Amino acid sequence: MNSLPIRRSSIVGIVRVVLAVAAVACVVFFVAAQGRGAQVTYGSGAAPEESPSAPPEQPTVDLPSAPEMAAMLDEEPVVRLPGAVAAWDEERVRQAIGDRDVRIIAAPPGLTKEQRSAFAEVDFEVRRDLEDDADLTVLTISGTRVSGGIYEVAPSTLDEWRAQFGRNDVTAPMIALINQLIGSGDEPVEGPADERREPTPDELEVVAEQLRESGRFTAPGASLTDVPADASAEAFGGVPAMYAAFPVQPAGERVPDYGPALARLFPETAIVVLYGSWIEYHGPHAADFAEVAAAGYYAQYGSVLARGPYPQDDVLRVYLRQVASVRYAGLFDRPLPYTPFDPLSVTLPALPWIFAGCAALLLALSARPLLRRTAARPLGTAGRLGELSALAVEVSGLTEKAQDPAFARAIVHLRAARDAIAGGLPDRHVHRLLDHAAEELDRVGRAVPVDGYRPADNLRRQRA
Amino acid sequence: MSWLIWAVAGGAILVAGFGVAAVPKLRARATDREVAWSTARTAIESATVSRDACAHRSEAAEAALARAGAIVAGGGGARAARSATKHARRADRLWRAAAGE
């Protein structure tokens, strides 16, 4: 019967300790969170951007000297040095040139720094050879990078970049530059022709089989050997990614366009298709970021990529980093897949309320025992008071004058004990007063002529 | 807004802590004083009974009871009440001795 209040009070004590600990934890979390500031909000790419690679130190291709190249241009207006990759629609270029004197020389990609400056001197050498010809215009094409005079041309649309890097087709930049140099002005140049077609089922099956097997397909002539797994994961989050690499496609004929077909074949998969240095993304959220990523990538690295044959591994690695940084930038409405879950940012708004709840409960638990003013009084105290009072009434008829003072003092103490009980004073005090009263009554009981009126006798009589 | 919640809740915790520490102590002190006064009043009444029952006069007892009565009239804390109790008990003893009990 006694264990229940004890268990309850110990439970209340434990709850109070738990609440206090929770409140302290709230404060600690809150204070710790104050120092975090604003830099938690944005994720950032793993590594700083790096350009595909520097020009080669040692010459990998042969280039004639500047005077030799000038002599070649003297003989014929269009010179393709051995290894040159640039292709153009000769008919359209001829139309743009008209009857002007325009010389075109195309060099292979991957020139060293010295070879580049030698190649840039060709213009000057040709002019010195033909000193009277003021209308002479020389276009130099290094890899697929078109320049002439003081100009260098860069594509401005994705179609042009696709033609330049996917097919080595530089028709549009050449015509734009020719128009600029021979004075017909800034009239808009017709973009490159769309030379894509649907792949045949057989062509598609070859690629799809490899992709199902290993997630990667490298066509003969393509240079992709490895896909960096961490860069891939960072760029596309949890979405599985597949990579198909093809060599540069021939210009002037219709070539299969694998991207959309593969995207239909593998839904919910990030599909990256490479044609030479041209990279396309097909798959989930393509409309959200693929064009932005590609435009940023080729605007930034286009002129570097145009000059050299870079392995597709390098090109792809930098592209994946570009995709990751575009997605980290949070330009789009969908959640970033790689922002780590931060429980603190979720709990922070609720933290004051949790703290307030702990405080209120603590206050309630503390106030409850304090508000309960009088502790439960053992009934024995009141019983003893009643017993002694009854004895006093019984013995009052027997007293003589000699016992009056003692009897009166007993009554005084009994009355004081009654007042103490009514006033909620502690039991110990009440018992002390009753002890005094019992002492006086004992004196009276001994003095009266009848036995059995002492408090002890009275008790015995009741028990019997 | 948030800081207001922090401040109010912190104040509540402070109040709870101080309350838990201080209220029982204050209550015990108040009880102690009441007990002491109760004892003092009882002792004085008891002494008054003894005086009325005593046929002889006792100067010392009269003086002691008068001092106890003065202390009660002046009021005060637990120490004053205990002092009054002491004087009243002494007076009670003296009168009982004089009465020959």
Within the stretch A:232-253, restricting to residues that are under 16 Å from the mean Cα position of the chain (by Cα) and surrounded by fewer than 20 Cβ atoms within 10 Å (Cβ to Cβ), the one that is modelled with the highest pLDDT is A:233
Which condition number does residue A:382 fail, the rest of (1) at pLDDT 80 or above; (2) at the interface with chain B (Cβ under 10 Å from one of its Cβ atoms); (3) in a helix (DSSP H, G or I) being met? (2)
Which condition does residue A:373 not pass, out of (1) part of a loop (DSSP other than H, G, I, E, B); (2) modelled with pLDDT of 90 or more; (3) among the basic types (Lys, Arg), if it passes all the others? (2)
Find the residue count for the stretch A:162-206, including only residues that are at pLDDT 85 or above, of a type in the set (A, V, I, L, M, F, W, C) and in a loop (DSSP other than H, G, I, E, B). 1
Examine the stretch A:204-219 for a residue that is out of contact with any helix residue (DSSP H, G or I) (no Cβ under 6 Å at 6 or more places or on another chain), more than 16 Å from residue A:271 (Cβ to Cβ), without any contact (Cβ under 8 Å) to a residue 40 or more places away in the chain and surrounded by fewer than 17 Cβ atoms within 10 Å (Cβ to Cβ), and state whether such a residue exists. no
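Hey, any hits in the stretch A:261-270 for a residue that's assigned to a loop (DSSP other than H, G, I, E, B), among the acidic types (Asp, Glu), touching a residue at least 40 places away in the same chain (Cβ under 8 Å) and in the same structural domain as residue A:315 (by TED's automatic domain parsing)?
Restricting attention to the stretch A:261-270, the residues satisfying the condition of being assigned to a loop (DSSP other than H, G, I, E, B) are A:266-269.
Add one more test, that the residue is among the acidic types (Asp, Glu), and what stays is A:268.
Checking the rest, the ones that are also touching a residue at least 40 places away in the same chain (Cβ under 8 Å) come to none.
Looking through the stretch A:261-270, none of the residues is assigned to a loop (DSSP other than H, G, I, E, B), among the acidic types (Asp, Glu), touching a residue at least 40 places away in the same chain (Cβ under 8 Å) and in the same structural domain as residue A:315 (by TED's automatic domain parsing).
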Filtering helices (runs of 4 or more DSSP H) wholly in chain B for at least 2 residues that are at the interface with another protein chain (Cβ under 8 Å from one of its Cβ atoms), small (Gly, Ala, Ser) and closer than 21 Å to residue A:409 by Cα gives B:2-53
I'd like to check something: does the stretch A:396-405 contain any residue that is in a helix (DSSP H, G or I), of a type in the set (Lys, Arg) and buried (at least 17 other Cβ atoms within 10 Å of the Cβ)? no
Which of the residues belonging to the stretch A:400-425 are closer than 19 Å to residue B:28 by Cα and either facing chain B (nearest Cβ under 7 Å) or of a type outside the set (Gly, Ala, Ser) (or both)? A:419, A:420, A:421, A:423, A:425
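Any residue that is within 25 Å of the chain's Cα centre (by Cα) and charged (D, E, K, R) - is there at least one of those in the stretch A:286-302?
Kept after step one, since they are within 25 Å of the chain's Cα centre (by Cα), are these residues of the stretch A:286-302: A:286-297.
Within this subset, residues satisfying the condition of being charged (D, E, K, R) are A:288, A:291.
Yes, the conditions are met somewhere in the stretch A:286-302.
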Helices (runs of 4 or more DSSP H) wholly inside the stretch A:63-134 containing at least 2 residues that are in contact (Cβ under 8 Å) with a residue 40 or more places away in the chain and of a type in the set (A, V, I, L, M): A:66-75, A:90-97, A:122-129
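Residue check: is residue A:194 under 23 Å from residue A:293 (Cα atoms) and touching a residue at least 60 places away in the same chain (Cβ under 8 Å)?
Criteria not met by residue A:194.
The values are calculated or read from the model by the stated rules, or taken from the named source; none is laboratory data. The structure displayed is predicted, hence computed values, not measured ones. Heads up, the Cβs are rebuilt from the backbone with ideal geometry, glycines too, and the neighbour counts pull from every protein chain shown.
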